[in-house]
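Chemist: Pasting a structure here, questions to come.
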Amino acid sequence: MTGRKNISHVKDPSFKPMMRSLALELMIYGPLVTIYFLVVFAFAKDLLVRMYHEILVVYSVVALLMIVAQGVLLEALTSWLLRKIGLRH
C-alpha cells in the first residue's frame, strides 16, 4: 500500500456539475433559512417562549414539526428554483 488517497472522484465528469449544484443550493438555502428564522422570530417568539415555560411537551412536538416542515418546504422550494433555472430536471 502506497498511502496515496484515491481522488478518482475529482476526475469524474459528473463531479463538477454536482459541486456547482451544491454551491447553488447552499446559496439558495442561506437566505431562505435566514428569512424563515426572522419570520418565525417576529411572529411566533412569544408563543414559543410561553409554550417552552408552560407546556414543555407541546413545545417539543411543535419544535419538531417546525423542523420537519422547514426541511420539506425548503427542499421543495430549492428543487423548484433549480428546475426553473435549468440545473435540475
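Here, each number is a calculation from the coordinates, and none is a lab measurement. Note that the structure is predicted; figures quoted are calculated from it, not measured. Ideal geometry is used to build each Cβ from the backbone, glycine not excepted, and the neighbour counts take in all protein chains shown.
Chemist: At 222 nm, what value in deg cm²/dmol follows for the chain if DSSP H runs of at least 4 each add -39500 (n - 2.57) and the sum is divided by all its residues, to the nearest 500?
Modeler: The per-residue figure over the chain is -29000 deg cm²/dmol.
Chemist: How many nm separate the modelled label positions at residue 73 and residue 26, each set 7 Å beyond the Cα in the direction of the Cβ?
Modeler: 2.5 nm
Chemist: Another one. How much of the calculated P(r) for the chain lies past 23 Å, in percent of all Cα pairs?
Modeler: 49 percent
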